[in-house]
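A.B. asks: Let me begin by handing over the structure; questions about it come next.
Rule-based calculations on the coordinates, nothing more; no lab input. Just so we're clear, the structure is a prediction, and the values are computed from it rather than from any experiment. Counting neighbours? That spans all protein chains shown, and the Cβs are built from the backbone with ideal geometry, glycine included.
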Amino acid sequence: MKKQFILFVSVMLLAFSGIAQSTFTLPLIIKNDDGSSEFYDLKKGDKLVYQVKAGGSEYEFIVTLNEPGKNALDFNYEMTNSNNTSGHITISDEAKGNATRYVNYFRGGELNLTDACTVWLSGKNFSDMPNKKTVMQLDNNAPETFYRPEKDEVSPVVKVKGEDKKLEGFIINNAADGTGKKTIWVHGISSNSLILKMDLGWSIVLKEIR
């Protein structure tokens, strides 16, 4: 009887462990042609495939989501560039919530971000959007103001698990009228403020979720 009880407890612990491991999700808002919306939850193991054009080269930047653990976000990345650059990045809760600096260049290896964000807009910058402007520092450049222009809605088409889907997003630009030379497209939900596109003199665009 004792053996059966121990076995039962072990099975239950494994079951609860499995449930806990599957709780990490990041919601995507998908816009349907009839005007309605639905959600798709990004999970551990999903791959975000970005197309990069920089310095005359074109390659993929692939983000693979991990369980975040004690961090806000955790992912592996790989690039299909000539160096086949790859690495692992964690973003702390503090950085995801309050950072205004962004890291956009990776050299491979381990990177633990505690005072900067990447791939996602921080909670601080996202929460400024009702005021139509926010201050951001891109890499080692000087901080600058980005604005949410009057015509700010975007619906980029991204292939999600093999099907073309329109995602809901908005634009920020380094000019109030939207004509500046730096543009960022952001997914339109605070719980998953994923950067969908950046054009900063070089460009990166989310094209697929595998």
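A.B. asks: Pick from Gly109, Gly123: which is at negative phi and either touching a residue at least 24 places away in the same chain (Cβ under 8 Å) or surrounded by fewer than 18 Cβ atoms within 10 Å (Cβ to Cβ) (or both)?
C.D. replies: On the way: Gly109 fails: at negative phi.
Sole residue among the options that is at negative phi and either touching a residue at least 24 places away in the same chain (Cβ under 8 Å) or surrounded by fewer than 18 Cβ atoms within 10 Å (Cβ to Cβ) (or both): Gly123.
A.B. asks: Output the residues belonging to the range 171-191 that are surrounded by 18 or more Cβ atoms within 10 Å (Cβ to Cβ) and either closer than 25 Å to Asp93 by Cβ or under 12 Å from the mean Cα position of the chain (by Cα) (or both).
C.D. replies: Ile172, Ile184, Trp185, Val186, His187, Gly188
A.B. asks: Just give me the residues in the range 64-77 being touching a Phe, Trp or Tyr at 6+ places or on another chain (Cβ under 8 Å) and in a strand (DSSP E or B), in sequence order.
C.D. replies: Scanning the range 64-77 gives Thr64, Leu65, Leu73, Tyr77.
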